[in-house]
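What follows is a single structure, written as structure tokens, with notes after it.
Derivation of every value follows stated rules applied to the coordinates shown; laboratory data play no part. If you're wondering where the values come from, they're calculated on a predicted model, not measured in any experiment. Cβ coordinates were reconstructed from backbone atoms using ideal geometry, including for glycine residues, and neighbour counts include every protein chain displayed.
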Amino acid sequence: MPRPYTPKVVTASDLLEGDVIYLTATDNWTRHLAEAELIEDEAHAQLRLLLAESQPNRVVGAYLAEVKPGPHGPEPTHFREAFRATGPSNYAHGKQTGL
Amino acid sequence: MYSYSDFDRAFLAERNAQFRAQVDRRLKGHLTEDEFKPLRLMNGVYLQLHAYMLRVAIPYGTLNAAQMRQLALLAEKWDKGYGHFTTRQNIQYNWPKLPDIPDMLDALGEVGLHAIQTSGNTIRNTTADHFAGAAADEIADPRPLAELIRQWSTDHPEFQFLGRKFKIAITGSPADRAVTAAHDIGLRIVEKDGELGLKVLVGGGLGRTPMIGQVLRDFLPRADLLPYLEAALSTYNLLGRRDNKYKARIKITVHENGIEEIRRLVEARFLETRAEFSGEDQRLLGQIETHFAPPAFRGGNTEAYDTAYAADPVFRAWADTNLAAHRRADHTIVSISLKTPGQTPGDATAEQMRAMAELAERYGYDELRISHEQNVILPHVHKSDLPQLHATLKQHGLATANIGLISDIIACPGMDYCALATARSIPIAQEIATRFEELKLEHDIGPMKIKISGCINACGHHHVGHIGILGLDRAGVENYQITLGGDAGPDAVIGSRAGPGFPAEEIVPAIERLVRAYLDLREDPGESFLSTYRRLGDTPFKSALYDAADRTKAA
Ligand code: HEM
Ligand code: SF4
């Protein structure tokens with residue numbers, strides 16, 4: 001049996017601000033992981049990544065990050081993505097402000 | 001201190017204008033990220049975990065008040081009100097926006113600061129003893145030579161695309177506060193038969209293959225410095241590996257070819273380079289030296305100091321830890337700690353930077369230094385000014401009395417900011433400092449250097465910490481490995497790994513067990529952790545880490 005595909009989101013850094021952004025199902029970019037498109041199919045994931053990479057004037061360094069589905073949308077599975085989704089732990093900066 | 005000539009200013013303005021145009025082309029989509037990345041890195045602009053980061057060089061760690069104020073201005077105007085001082089005598093801004101960076105660089109240029117060669121495979125900011133020009137134990141001020149190296153290496157056409165980054169450190173004191181043995185080239189000013197020269201070390205470095213530098217030349221006449229460096233760099237440029245980034249530093253070149261072969265090649269090349277130097281560099285050095293003349297030290301008695309020392313225990317505790325011997329008996333070197341327990345090591349707010357600038361102007365002959373230990377130094381203060389200075393420091397949260405103690409921790413940005421990190425460093429430093437503050441054991445423990453890196457690159461110098469902590473990712477969980485017995489001093493030693501790492505919630509208790517074991521094992525309160533470790537070896541310390549009944553699990 002093929003291994004089930006681990007869900008992903010497309011994430012990148014914003015060209016102007018350098019902060020973390022995610023691709024939504026409606027082809028927009030959001031700063032909130034919960035609003036990202038949860039991708040559960042490998043072929044679809046590659047297409048979504050291509051879409052991100054075709055926007056070099058909006059995003060930098062797009063990649064697929066592992067997530068798991070949660071009650072309010074995708075949630076990080078690895079601590080690195082958890083930090084990217086929130087911000088640094090020494091100050092309430094990044095996405096912790098104004099959330 | 002060195003002040004820019006018209007040539008320097010014009011060069012900087014031109015470089016900044018070029019970069020402004022490059023940013024503009026990137027924003028308009030005329031440059032791809034692949035094209036832009038090397039250009040931004042050449043100007044100190046990284047893309048980190050949450051934002052861009054701008055790294056500004058503080059040449060040999062020396063600043064004046066106007067420069068410090070400008071650093072504060074950048075923090076306030078284009079960042080989040082603070083800056084992070086690093087082990088490489090740089091300051092990093094963690095939140096700049098790309099379109100603002102050209103303005104930030106122009107603002108830096110106004111006070112003779114820049115971000116050139118703070119990244120890339122070039123000769124980086126030459127670091128120096130932070131007590132340079134002031135320390136009682138110094139043979140000579142190393143900064144004129146550091147400035148000479150800066151002028152020679154900045155935009156040097158042959159060395160813009162080396163196999164890998166290249167870091168030079170220089171000390172003028174046998175105490176070596178610049179960790180020269182952990183640099184690609186380490187320079188130590190020495191004296192032989194009344195003549196000043198340099199002992200040249202090569203092939204030191206930390207990172208994934210830590211190595212202590214070896215002696216390339218025991219005594220190099222001072223006048224031969226640039227031709228000799230040029231010979232060493234060009235030997236490395238030819239011989240160094242370019243096939244594998246992890247084997248590209250000069251430490252690997254030295255390791256693979258042997259120090260004798262490297263010496264033979266460098267000395268042979270040196271015969272050619274020396275012939276090419278016409279003496280212009282020595283004329284330049286003479287000119288540079290006039291910029292580093294000591295200030296006109298004021299006289300006067302030190303009674304105010306003696307009175308405060310006798311009367312005020314808080315002042316006394318601070319004076320006992322944060323002052324160092326100045327070459328004049330009526331002056332002292334003040335270390336301002338950026339390590340208040342619970343704070344991020346090396347961070348200063350804009351308001352604190354301005355306060356330090358003000359103090360430097362009022363009491364410190366307009367001089368400031370940044371130490372590789374991420375603190376700020378006022379190198380020349382008359383002792384009678386100390387009580388007022390201390391009172392002002394207190395008002396700004398800058399009077400922590402912990403220099404050289406367990407809470408004076410070096411920590412790299414780690415996974416709170418750094419895109420390469422495998423774990424966080426800052427919270428570990430905060431927790432250790434806070435814990436020992438609670439225990440009130442810090443002064444009893446005495447000299448202790450804890451150094452923390454968030455990945456194998458070792459920016460936090462963990463290999464040369466008495467206790468080193470390396471953060472790793474073990475199956476998706478932050479895990480911390482301990483090294484013991486490292487030393488960053490003149491006889492530098494790479495620490496050895498104690499054993500399996502600890503998960504984040506167990507690292508502070510592990511450090512506490514280690515320290516309590518030391519307190520039990522030392523012969524008397526005068527025996528430091530490092531001396532005790534050297535006397536007894538690692539067995540009792542490993543036992544404290546791993547055999548204790550109260551510990552649960554190690555990964
Ligand atoms: C935040 C962005 C940073 C990045 C991307 C970065 C990258 C690196 C890398 C890749 C290495 C390993 C070099 C090698 O082994 O060849 C390294 C080493 C080092 N870095 Fe950083 N670093 C960063 C921040 C810092 C900071 C904040 C400091 C000072 C606190 C620093 C100081 C050093 C030092 C002292 C070394 C080890 C000495 C050596 O080069 O062998 N770095 N860094
Ligand atoms: S040691 Fe690793 S985590 Fe720390 S700053 Fe260097 S590259 Fe980043």
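Each stretch of four or more DSSP H residues adds -39500 (n - 2.57); spread over every residue of chain B, this sum gives -12000 deg cm²/dmol at 222 nm. Over the C-alpha atoms of the protein assembly as shown, the Rg to Rh ratio, Rh being the Kirkwood estimate, stands at 0.97. At a Cβ-Cβ separation cutoff of 4.7 angstrom, cysteine residues of chain B with no neighbouring cysteine are B:C418, B:C455.
Computed about the Cα centre, the dipole magnitude for the protein assembly as shown is approximately 960 debye when only Lys and Arg (+1) and Asp and Glu (-1) carry charge, each at its Cβ. Of the residues B:I370, B:L405, B:H380, the one whose Cα sits farthest towards the positive end of the charge dipole of region B:339-408 is B:L405 (charges of +1 on Lys and Arg Cβ, -1 on Asp and Glu Cβ, taken about the Cα centre). Bridges between two residues of region B:410-546, per DSSP, are antiparallel at a rate of about 70%. The mean number of Cβ atoms from other chains found within 10 Å of a Cβ in peptide A:83-89 is 6, as a whole number.
The GluC sites (Glu not before Pro) found in region A:25-99 that occupy coil by DSSP, while having at most 14 further C-beta atoms within 10 Å, are A:E40.
Scaled to the globular estimate 2.2 N^0.38 Å, the Cα spread of chain B, given as radius of gyration, is 0.95. Placing +1 on each Lys and Arg Cβ and -1 on each Asp and Glu Cβ, with no other charges, gives region B:308-395 a dipole about its Cα centre of roughly 180 debye. Of the residues B:M415, B:H461, B:A475, the one whose Cα sits farthest toward the positive end of the charge dipole of region B:410-546, with +1 on the Cβ of Lys and Arg and -1 on the Cβ of Asp and Glu, is B:A475.
If only the Cβ of Lys and Arg carry +1 and only the Cβ of Asp and Glu carry -1, the dipole of region B:1-132 around its Cα centre is close to 260 debye.
In a DSSP loop and with at most 13 other Cβ atoms within 10 Å, there are no chymotrypsin sites (Phe, Trp or Tyr not before Pro) in region B:82-127. Sparse packing (at most 16 other Cβ atoms within 10 Å of the Cβ) combined with a DSSP loop state is found for none of the GluC sites (Glu not before Pro) in region B:452-521. When the alpha carbon coordinates of region B:171-260 are projected onto the principal axes, the ranges are 45, 25, 19 Å, largest first.
Just want the answer: with Cβ charges of +1 for Lys and Arg and -1 for Asp and Glu, which residue in B:P142, B:T180, B:F36 is farthest toward the dipole's positive end in the protein assembly as shown? Selected residue: B:F36. Based on the reciprocal of the average 1/r between different C-alpha atoms, the Kirkwood radius for region B:308-395 equals 13.3 Å.
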